[in-house]
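One structure is given below, encoded as structure tokens.
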Amino acid sequence: MPRIVMLNGAFVDAADAKISIMDRGFLFADGIYEVSAVLNGRTIDNAPHLARLDRSLKEIDIPNPYSTEEWIGFQNELIARNGLIEGTVYIEVTRGAAEREFTYADDLAPTVVMFTQPKSIVASKLAESGAKVITVPDLRWARRDIKSVALLPQVLAKQAAARVGAQEAWMVDEDGFVTEGASSSAFIVTHDGKLVTRPFTRTVLPGVTRLAITALIAETGLVLEERAFTIAEAQAAQEAFFTSASTFVAPVASLDGTLIGPGKPGPVATKLREIYIQKALAA
């Protein structure tokens, strides 16, 4: 089966999809992206993803080229054409193509690219063994609440993790507090049973899966504290985990080589993951 992508409203073979070398996404990383999970051929938590896409576009002054209904139609068509059962559907919107200048015309037509990627999310090795995580300095720009395609610091963080056999990198600000993962939201569970994660400000991305998990935390009667935490506090925690659209809830086994608790998935992360998957499959 040929891989079908969506380019500016048209469904084409990936081998035939072409974007101008003058596209500002390529030249300046001038664009926004979103990723929604797919289970049983259906998107999960899609409405908040599309709402965040719209917000991010507004924050950097790119007009949203499609309505919510049109985005959903494109996603569903792309999922169907590629026979995707489980994985992700990716959206990228750049400001468009023009002669290379830092300033831009207000009437540029945005470039839109969408594609699917198969991935086993429910049957996850990380959920069984727990992830190894390292920490790196947070070198990103100040507007981390915008889901920009400018991901070089995250690329370097992920590569640094991969080189030592880790699966994620938690980024740390100049004050020594963890902000979030390179592609995830970071949580710890204290020894008195409280769940801790950094509050939503411009320092972190408003994670969609994180929002869903915090709702489950409230439903299950657990206590959530939205505050910053240090590497040392995380290493001394009872549990740690991270959340994202492509991992759901991933327990953390170790941080910078220090075991978190017994060094295996803990009951809180395991329970939240199970409930989230059950709700997603039943939706």
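The values are calculated or read from the model by the stated rules, or taken from the named source; none is laboratory data. Here the structure is a predicted model, which means the values were calculated and not measured. Every residue, glycine as well, gets a Cβ built from its backbone with ideal geometry; the counts of neighbours run over all protein chains shown. With ligands, DNA and RNA removed, areas are computed over all heavy atoms of the protein, side chains included. Shrake-Rupley method; radii C 1.70, N 1.55, O 1.52, S 1.80 Å.
Tabulated results
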| read-out | value |
| --- | --- |
| Residue that is farthest from A17 (Cα to Cα), among those in the stretch 104-126 that are open to solvent by less than 40 Å² (accessible area, probe 1.4 Å) and part of a strand (DSSP E or B) | T116 |
| Lone unmet requirement of (1) in contact with a Ser or Thr (Cβ under 8 Å, 6 or more places away or on another chain); (2) touching a residue at least 24 places away in the same chain (Cβ under 8 Å); (3) in a helix (DSSP H, G or I); (4) not aromatic (F, W, Y) for A237 | (3) |
| Identity of the residue in the stretch 199-229, exposed (fewer than 15 other Cβ atoms within 10 Å of the Cβ) and polar (S, T, N, Q), that ends up farthest from D256 (Cα to Cα) | T220 |
| Test: residue in the stretch 4-25 that is modelled with pLDDT under 95 and either over 20 Å from F102 (Cβ atoms) or β-branched (V, I, T) (or both) | no |
| Test: R42 is touching a residue at least 40 places away in the same chain (Cβ under 8 Å), open to solvent by less than 50 Å² (accessible area, probe 1.4 Å) and among the charged types (D, E, K, R) | no |
| Selected residue (criterion: farthest from G9 (Cα to Cα)) from residues of the stretch 28-55 that are hydroxyl-bearing (S, T, Y) and under 14 Å from the mean Cα position of the chain (by Cα) | S36 |
| Of residues in the stretch 165-198 being without any contact (Cβ under 8 Å) to a residue 60 or more places away in the chain and hydroxyl-bearing (S, T, Y), the one surrounded by the most Cβ atoms within 10 Å (Cβ to Cβ) | T197 |
| Count - residues of the stretch 174-191 that are of a type in the set (V, I, T) and over 19 Å from L152 (Cα atoms) | 3 |
| Cβ-Cβ under 9 Å pairs, at least 6 apart or on other chains, the stretch 85-103 side closer than 30 Å to V208 by Cα and exposed (fewer than 15 other Cβ atoms within 10 Å of the Cβ), far side at pLDDT 95 or above and not charged (D, E, K, R) | I85/V38; I85/L39; I85/N40; I85/G41; I85/I79; I85/P118 |
| Residue within the stretch 246-253 that is farther than 21 Å from A47 by Cβ, touching a Leu at 6+ places or on another chain (Cβ under 6 Å), buried (at least 19 other Cβ atoms within 10 Å of the Cβ) and aliphatic (A, V, I, L, M) present | yes |
| Residues being crowded, with 16+ Cβ neighbours inside 10 Å and in a helix (DSSP H, G or I) - total across the stretch 56-71 | 3 |
